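No lab work stands behind these numbers, since they all come straight from the coordinates. From a predicted model like this one, the values you see are computed outputs, not experimental measurements. Note that we place each Cβ from the backbone using ideal geometry, even for glycine, and neighbour counts take in every protein chain shown.
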Amino acid sequence: MFEFTAEDVIASIAPRPVLLMHSAVDSVTPTEQTIRMFDRSKAPTERHLFSGTDHFMFAEKNRAVREVVTAWLHDFLPVSGEAVSITALDEHH
């Protein structure tokens, strides 16, 4: 990680899809880093800036964050077969 920066290599990820998510006001990482990464990326890349959440957006159970991730996964990494809920998985263990 010290030998390169994500901003320098993001363009080489294409044509693989990239999802960039960041808090509009982040107490840990400057939002400008994600904006620069998006500017340097190639399609298909999505960028989402979220208000009402901080750096640890998954821990905060932000509904908008979950919806964006779910939609992106559905679009770029679709799964076929029967859906299984997490509750159903917990019941089997």
If one takes the longest principal axis of the Cα atoms in the chain, at what angle in degrees, from 0 to 90 and to the nearest 10, does the Cα axis of helix 63-76 lie?
-> 90
Where Lys and Arg each count +1 and Asp and Glu each count -1, what net charge lies around I35 among other residues with Cβ under 15 Å from its Cβ?
-> -2
What order, most packed first, do the peptides 63-76, 33-46 have when packing is the mean number of other Cβ atoms within 10 Å of each residue?
-> 33-46, 63-76
Among A59, A14, A24, whose mean-square fluctuation peaks in a Gaussian network model of the chain (Cα, cutoff 10 Å)?
-> A59
Which angle from 0 to 90°, rounded to the nearest 10, does the C-alpha axis of helix 31-40 make with the longest principal axis of the chain?
-> 80
Structure-derived P(r) over Cα pairs in 5 Å bins from 0, in percent - corresponding label in [x] 3, 15, 26, 26, 18, 8, 3, 1, 0; [y] 3, 13, 23, 25, 19, 11, 4, 2, 0; [z] 3, 12, 18, 18, 20, 14, 8, 6, 2, 0 = [z]
Among M57, F38, F76, the residue whose Cα sits farthest towards the positive end of the charge dipole of the range 6-91 (+1 at Cβ of Lys and Arg, -1 at Cβ of Asp and Glu, taken about the Cα centre) is F38
